[in-house]
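Enquirer: One structure coming up, written as structure tokens, with questions to follow.
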Amino acid sequence: MEEVILGKEFGYVAMVVLLYCILNMWMAFQVGKARKRYKVFYPTLYALESDNKDAKLFNCVQRGHQNSLEMMPMFLVLLILGGMGHACVSAALGLVYTISRYFYFTGYATGDPNNRLRLGRFGFPALFGLMICTVSFGINLLRP
């Protein structure tokens, strides 16, 4: 059985993981600010338009963060596994994904959900690239 040893370049992957965690905390803070601004109190997850005239604005902020949370496990697994075999490429793709998530969130938070894809759409090819890195890493592990 061949041993997998991480090179020093894996540090770039670790830094991208940290950067995404910081972005996630910032998005959570933005949701908290939106809760105060639009008067949507816990435990309410989404505002109802019948109860709150700013429901759509709040829900767009909330949804931008929620979607990022939904995608986070897949992103982090692909980043870490792909990074074990292709650290620099995976870190670069992870950085593109993280930056695109910022724009996805800020676009969504405008209140027009279509704005999330202006620059946020670049996260999807980055995620696909991470899938390729992970497949390559897996295949290389299985080779005799």
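The values are calculated or read from the model by the stated rules, or taken from the named source; none is laboratory data. Given the structure is predicted, the values throughout are model-derived calculations rather than measurements. Glycine also receives a Cβ, built like all others from the backbone with ideal geometry; neighbour counts cover every protein chain displayed.
Enquirer: Out of the residues in segment 58-115 that are more than 30 Å from Ile139 (Cβ to Cβ) and charged (D, E, K, R), state the one that is farthest from the chain's Cα centre (by Cα). Lay out the reasoning, then the answer.
Expert: Our first condition is that a residue be more than 30 Å from Ile139 (Cβ to Cβ); within segment 58-115, this holds for 58-67, 69, 102-115.
Next, from what is left, pick out any that are charged (D, E, K, R): 63, 112.
Details: Arg63: 13, Asp112: 20 Å.
Out of the qualifying residues, it is Asp112.
Enquirer: Would you tally the residues in segment 93-106 being within 16 Å of Gln66 (Cβ to Cβ) and crowded, with 22+ Cβ neighbours inside 10 Å?
Expert: Step one: list which residues in segment 93-106 are within 16 Å of Gln66 (Cβ to Cβ), which gives 101-102, 104-106.
Now restrict to residues that are crowded, with 22+ Cβ neighbours inside 10 Å: 101, 104-105.
Residues that pass the stated criteria total 3.
Enquirer: While we're on this one: Could you tell me whether segment 18-27 includes any residue that is modelled with pLDDT of 95 or more and either of a type in the set (Val, Ile, Thr) or more than 16 Å from the chain's Cα centre (by Cα) (or both)?
Expert: Let us first name the residues in segment 18-27 that are modelled with pLDDT of 95 or more, namely 18-27.
Now narrow it down to the ones that are either of a type in the set (Val, Ile, Thr) or more than 16 Å from the chain's Cα centre (by Cα) (or both): 22.
Yes, some residue in segment 18-27 is modelled with pLDDT of 95 or more and either of a type in the set (Val, Ile, Thr) or more than 16 Å from the chain's Cα centre (by Cα) (or both).
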